[in-house]
Structures are given as structure tokens and as C-alpha cells.
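The values are calculated or read from the model by the stated rules, or taken from the named source; none is laboratory data. Computed from a prediction, not measured in an experiment: that's the story for all the values here. When we count neighbours, we look across all protein chains shown, and the Cβ atoms used for this are built from the backbone with ideal geometry, even at glycine.
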Amino acid sequence: MPAISASAPGKIILFGEHAVVYSRPAIAIPLMQLKATAFFLADPTAPLGNIKLTAADIGMQTNLNDLAEDHPFRVLFQLVQNHFQLDHFPAMSVKIRSEIPIAAGLGSGTAVSVALIHGLSLFLGAKLSAAQISALAFEVEKVYHGTPSGVDNTVITYEKPVFFMKDHLPEPIYVGNDCTFLIADTGIKSMTSSVVGEVRINWENNRKHYESIFDSIASITQEAKEMLISGDEKQIGELMNKNYHLLVQMGVSCDPLDHLVTVALHAGALGAKLSGAGKGGNIIALVQESSARDVRLALENAGATRVIQITLNKTESTKTAKKVIS
Ligand code: PMV
């Protein structure tokens, strides 16, 4: 029997991280050039329910049942088993591979979850809608992060730039002009759950201040949506800078992130900000095609451990314009 496989991309948050946890909107885009893939092969020689798991990138080779009950992989398989009301899974061997850097705000854990859930459904010969895959991945996100907003599982499942708000249907965003971004990694690993936890403590201690930061970020994100649609790069860049300063006020930046943001702006970026939870991970900078090379070189010279370039393409995006994701 041939192996079944499913892939899911990484992601980057363009606007609204952290505020999105507090029911404000965020804008995120998929990183199609970085993927996590899950491969499934039936194992007729093994007893029913026996699942061998290999994830070479994290040095894992185990039987699913040998993992702790609250391990995200265990929880994921249990969720899918419950969804399909199965007594047991058929015996199988599952291999996970990922090109997405871990703990860098690029959605590595979520992409693995989406690839596993999607692949498992295909392996079972069943079908899950994107909404069902995203909802199951969201349950696994809770194991990783405690209080996830849902933006990661949404953008990674739908593989489209999205305007996301908790408890609302996600809206795809179609840009009015090609937009090129550079994503530069500080090389510092940061755990989303701990930074989100710190923000929660600060919010509990000073709700008024934090609510007003979240409100300001919400207005920026709303405006950014309009500017992305109209393709006004200059405004998008300025809004990224404003969002960045609010993230600094929130206390989630750090010297290496600040340094890369400054370097990108000095080298000609139209705007730059940290992306994701912060305290490490990546910055994202908006650049014109003509200055992309200079900004990239400046970031590399400033110590970025990896620089990825992505373009949100106008024609690609308008092909299926105005459809609401469901
Ligand atoms: O996974 P990260 O580092 O991109 O962070 C996710 C974004 C947060 O807003 C900080 C958390 C969330 O659940 O939305």
C-alpha cells in the first residue's frame, strides 16, 4: 500500500499578535516555501491501534502509546479517533518531517498538527473540511499554548492571507499590489506560551494600560487590512512601524529584535516589526523589489541567522477574490 502524505505551510503574523488573544483582529500570511509533512504507512504486521511515530527533526522515535497522555501528539490522535468514533486506529507507521524552524514564531507545531490531522483523515479514507481540520488543530494548540487565539491554525489550514478575529469567520485578504516581505530570524528560540503568559500577568496587573494598547493595535490592524487591499505599500509600512512600537510598549521585544528592525529600516525597508510572540524569533520587514537585496544583505550582516523573502502576489490573490473562508 503506498504511503499517504499531507503537508501544511508555516506562517507569519503581519499585524495584531498578542492583541488577537484578547479578541482583537490579526492579519497573518502562510509561508508556502516552508512545510511540515506527515507520511502514513499501514503496518499490517502490527496489532490494531499500534502507531509508530518518527520525527527525526526533534529526535523522536517512539510508539504513540509510550508518550505521556497529555503529549500534543497523543491528544491529536485521540481527538481524531473521537471525531471519527473509532474504537482503534489501524496499525500504522507515521513519519513527520518539517522544514519550519522550531520556536521561531513560524507556526512549526501548528503546521505539524494540521499535516497530521489532514493526513490521518486521508489515511482513514475519510474527509475533513478545512474548518474541521482547523478546529481540531485548535484543540491541539491549547495543549501547546494554553490560551491560543486560533490565528495560527486558521492561516495554516486555509493557506491564504487572513484577517482573523476570535469567534468570527476568517476573511481572506487579496492585496491590491505585489507586497514583498523579508523575514529575518534572530536565532533566539522563544516559547510562545511563556511570552503569552507574561503578557497575561502584565494585563492582569494593569488592565487599563494593556486594553488601550490592544485597542490601538486593533485600529492599526483594521487600517492595515484596507491598505493591503488598496495596495498602499507606504501606509502598510508605517502601520507596521506603529504596531511594532506598541509591541515594544507591551514588553515583548528584546535587543536582538530591536536591532534587526532598526537595521531593516536603515537599509530602506518601508516598515518593520517583530512577528509572533516576541522575545526572540523573527522580524518581518516590508521592502520594495528594488531595495530587497540591500535590506537582505544588511540583515544578514547584522547577524540574522536566516532571511526568507516572500511576495504576496496581486494577480494570484485576486483570482478568488471576495470569497469568505468557511
Ligand atoms: O506562535 P507565535 O510565536 O507566532 O505567536 C502566536 C501569536 C500570539 O498572538 C502571540 C499568540 C496567539 O495565540 O495568537
- Message: Quick check on my filter: what residues within segment 172-190 are part of a loop (DSSP other than H, G, I, E, B), on the phi < 0 side of the Ramachandran plot and within 16 Å of the ligand (Cβ to nearest atom)?
- Response: T186, I188, K189, S190
- Query: Can you spot a residue in segment 226-237 that is modelled with pLDDT of 95 or more and within 16 Å of the ligand (Cβ to nearest atom)?
  - Reply: no
- Message: From the list V287, V261, V324, V307, exactly one residue is closer than 13 Å to I183 by Cα and either modelled with pLDDT under 95 or in contact with a Lys or Arg (Cβ under 6 Å, 6 or more places away or on another chain) (or both). Which is it?
- Response: V307
- Query: Any residue at all in segment 191-208 that is surrounded by fewer than 21 Cβ atoms within 10 Å (Cβ to Cβ), among the charged types (D, E, K, R), away from the ligand (no atom under 13 Å from the Cβ) and part of a loop (DSSP other than H, G, I, E, B)?
  - Reply: no
- Task: Would you be able to tell me the number of residues in segment 124-169 that are away from the ligand (no atom under 13 Å from the Cβ) and in contact with a strand residue (DSSP E or B) (Cβ under 8 Å, 6 or more places away or on another chain)?
- Result: 6
- Note on the structure: The lone condition S230 fails out of (1) among the hydroxyl-bearing types (S, T, Y); (2) surrounded by 19 or more Cβ atoms within 10 Å (Cβ to Cβ); (3) touching a residue at least 40 places away in the same chain (Cβ under 8 Å) is (2)
- segment 13-85: strands (runs of 3 or more DSSP E) wholly inside it with 2 or more residues that are touching a residue at least 60 places away in the same chain (Cβ under 8 Å) and under 30 Å from I173 (Cα atoms) are 26-42
